[in-house]
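Just below is one structure, and these are the notes that go with it.
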Amino acid sequence: MAAASRSGVAEEIAKLSVEQLQAVKEQVDAELSVLQDSVGSIRTAANRFEMAANALHNLSLQKTGQQMLVPLTASLYVPGVLDNVDNVLVDVGTGYYIEKSLADGNDYCDRKIKFLKANHDKLVEVANDKRNTAEQVSLVLQAKMRSLSAGEQQRA
Amino acid sequence: MASVTSASERRGIPAAPFVHDVQSFLTQSSYDASTALVALQDRLQQYKLAEMKLLAQRRDLQAKIPDIKKCVEIVDTLLAKKGTGETMKVDFELAEGIYSRAQIPEADSVCLWLGANVMLEYPLEEARSLLQSNLENATASLKSIIEDMQFLRDQVTVTEVTIARVYNFDVHQRRKLRNQAKEEEES
């Protein structure tokens, strides 16, 4: 089905003129870069959740009452004592924080990672299709320009 | 004659001399028009580079300053609580999006991350004065960088104007020479 649609697109592309081809090429390139940005940001988000899962795993190895340095800001730490190994606060977005047990927190992170990975794969596929279209368009464009300039040389 | 309008240099950025008369500027520096243009374009590039550097520094400072302010506030809170003997319960960031709870018994000292893998423990008062002086330094640097950028922008404008005038002067000269040559041919 993908092959048939691609050959159908190829026919359409061959019918366009040079200016229209250039416009189409620019449009497809712009769409491609947007898709690549989205793929990148999904990857970043997935990394964040993987780090969170690691942190939760580390937390599970600790015990309540353990001495630690509590980060109050990025550069300020205060000596303190770990209070609660069983519950964590999870940031679910738009300013909401939910207290969950350690197991639920792990489950939340895993679910998010899976969801993001699925979206990431889908996007990569769409981006590849777009890239193929862009290549086709630029090939046809080059062929047309070559035939145009050859035709002009013959006339001259 | 070329003259200088403000300080001849500011923190390593050379000032662009304002050119009152293009002809005398060219004869004084014994450049011809195209060499002068190249030199001026070069200057312009240096200014643009300096502007990018200052922009990056300003961005860094603007990120650091609110962080330092927060640290100062927190140390103030700790100082206020010091006399009371109550333990604080805090939620701290375990990872991005995950927070966990800890208890802080009476704190006499805090640890400050100084960068370059160095962390030092300070008594509360010393930490506060250190953070306060950091904040003041950062604010002063930011102000100085903003002033530098304004100065730089002025120099860029002056240089661009000079380039335009030298170019116009050059066009004018060529046209005069062409007309003179034509008159000599006709006569």
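The values are calculated or read from the model by the stated rules, or taken from the named source; none is laboratory data. On a predicted model such as this, the values are computed, not experimentally measured, just so you know. As a convention, Cβ positions derive from the backbone with ideal geometry for all residues, glycine included, and neighbour counts pool all protein chains shown.
Does the stretch B:37-60 contain at least one residue that is farther than 30 Å from A:Y77 by Cα, among the hydroxyl-bearing types (S, T, Y) and outside any helix (DSSP H, G or I)? Working first, answer last.
So in the stretch B:37-60, the residues farther than 30 Å from A:Y77 by Cα come out as B:37-55.
Those left that are additionally among the hydroxyl-bearing types (S, T, Y): B:47.
From what is left, the residues that are outside any helix (DSSP H, G or I) are none.
Scanning the stretch B:37-60 turns up no residue that is farther than 30 Å from A:Y77 by Cα, among the hydroxyl-bearing types (S, T, Y) and outside any helix (DSSP H, G or I).
Restricting attention to the stretch B:31-77, the residues being among the small types (G, A, S), modelled with pLDDT of 90 or more and surrounded by 12 or more Cβ atoms within 10 Å (Cβ to Cβ) number 1. One residue stands out among those in the stretch B:88-116 that are more than 39 Å from the chain's Cα centre (by Cα) and in a strand (DSSP E or B): the one that is surrounded by the most Cβ atoms within 10 Å (Cβ to Cβ), which is B:S100.
Checked against the criterion of being assigned to a helix (DSSP H, G or I), in contact (Cβ under 8 Å) with a residue 40 or more places away in the chain and within 14 Å of another protein chain (Cβ to nearest Cβ), the stretch A:96-104 contains one or more residues that satisfy it. For B:V156, the stated conditions do not hold, so it cannot be described as surrounded by 14 or more Cβ atoms within 10 Å (Cβ to Cβ) and over 27 Å from the mean Cα position of the chain (by Cα). Being of a type in the set (V, I, T), at pLDDT 90 or above and either over 28 Å from B:K69 (Cα atoms) or in a helix (DSSP H, G or I) (or both): is that true of A:V124 here? Yes; evaluated as a whole, the condition is true for this residue. Restricting the stretch B:128-153 to residues that are under 13 Å from B:K69 (Cβ atoms) and touching a residue at least 60 places away in the same chain (Cβ under 8 Å) leaves a set whose member that is surrounded by the most Cβ atoms within 10 Å (Cβ to Cβ) is B:L131. Checked across the stretch B:140-161, the condition of being of a type outside the set (D, E) and closer than 16 Å to A:P79 by Cα holds for no residue.
Selection over the stretch A:55-95 of residues that are at the interface with chain B (Cβ under 7 Å from one of its Cβ atoms) and either outside any strand (DSSP E or B) or without any contact (Cβ under 8 Å) to a residue 12 or more places away in the chain (or both) gives a count of 17.
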